[in-house]
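For reference, the structure discussed in these notes is given below.
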């Protein structure tokens with residue numbers, strides 16, 4: 001991209017110098033200016049992704065402990081309502097997400113498995129089942145200045161060497177969301193919630209098939 005820009009500048013200087021040396025008329029200057037502007041627009045359009053940055057951010061302020069309708073896994077299934085916002089003018093691809101769940105007992109690693117139809121989840125006794133699963137989570141594109149709301153089901157990784165599988169116990173937890181995208185080499189933290197208290201009552205209710213929503217206080221000073 002830098003070579004193209006330098007070539008464009010050199011060519012523009014050469015054209016202007018040629019006009020000056022030949023004593024070009026005003027109409028010739030205007031014609032060349034219009035041509036240069038058109039060429040500039042074409043270059044910007046062709047190399048938009050290289051010129052403008054992709055700046056994804058995520059709004060994350062709620063965690064839903066979502067029990068399945070059938071026999072459950074030993075770990076808690078988490079549904080995260082996430083709003084993806086691209087602050088940049090360049091498009092990009094969200095490749096992967098990861099949720100670090102931190103407590104005094106250690107760290108649990110959660111990754112997204114599926115997209116949830118939240119309206120069906122709400123109307124379906126607030127339990128996970130085949131009818132409210134929209135499909136698997138896959139990499140997705142986010143356009144220039146675009147916004148996208150998704151409800152994603154996260155599950156604890158069972159075979160992580162760095163963060164071995166562990167059971168939930170009562171205590172305070174911090175949730176840190178990481179994102180990897182097409183213009184980034186490694187995951188970076190984009191949002192966090194904590195510390196959220198997970199009580200024994202919440203864990204017992206989940207095992208009994210009752211889900212709960214965890215979110216910080218929404219009270220504001222007025």
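The values are calculated or read from the model by the stated rules, or taken from the named source; none is laboratory data. All values reported here derive from a predicted model rather than from experimental measurement. Counting neighbours? That spans all protein chains shown, and the Cβs are built from the backbone with ideal geometry, glycine included.
List of remarks:
- Taken over region 207-216, residues that are surrounded by 14 or more Cβ atoms within 10 Å (Cβ to Cβ) and part of a strand (DSSP E or B) amount to 2.
- So residue 110, is it on the phi < 0 side of the Ramachandran plot, without any contact (Cβ under 8 Å) to a residue 24 or more places away in the chain and either outside the structural domain of residue 91 (by TED's automatic domain parsing) or part of a strand (DSSP E or B) (or both): no
- All conditions but one from (1) without any contact (Cβ under 8 Å) to a residue 60 or more places away in the chain; (2) touching a helix residue (DSSP H, G or I) at 6+ places or on another chain (Cβ under 8 Å) apply to residue 212; the one that does not is (1).
- Flag if residue 204 is free of Cβ contacts under 8 Å to residues at least 12 places away in the same chain and either in a helix (DSSP H, G or I) or touching a strand residue (DSSP E or B) at 6+ places or on another chain (Cβ under 7 Å) (or both): yes
- Taking residues in region 130-153 that are exposed (fewer than 13 other Cβ atoms within 10 Å of the Cβ), and partners anywhere that are not in a strand (DSSP E or B), the pairs with Cβ atoms closer than 6 Å and at least 6 places apart or on different chains are 131/120.
- Residue that is modelled with the lowest pLDDT, among those in region 114-126 that are out of contact with any helix residue (DSSP H, G or I) (no Cβ under 8 Å at 6 or more places or on another chain) and part of a loop (DSSP other than H, G, I, E, B): 125
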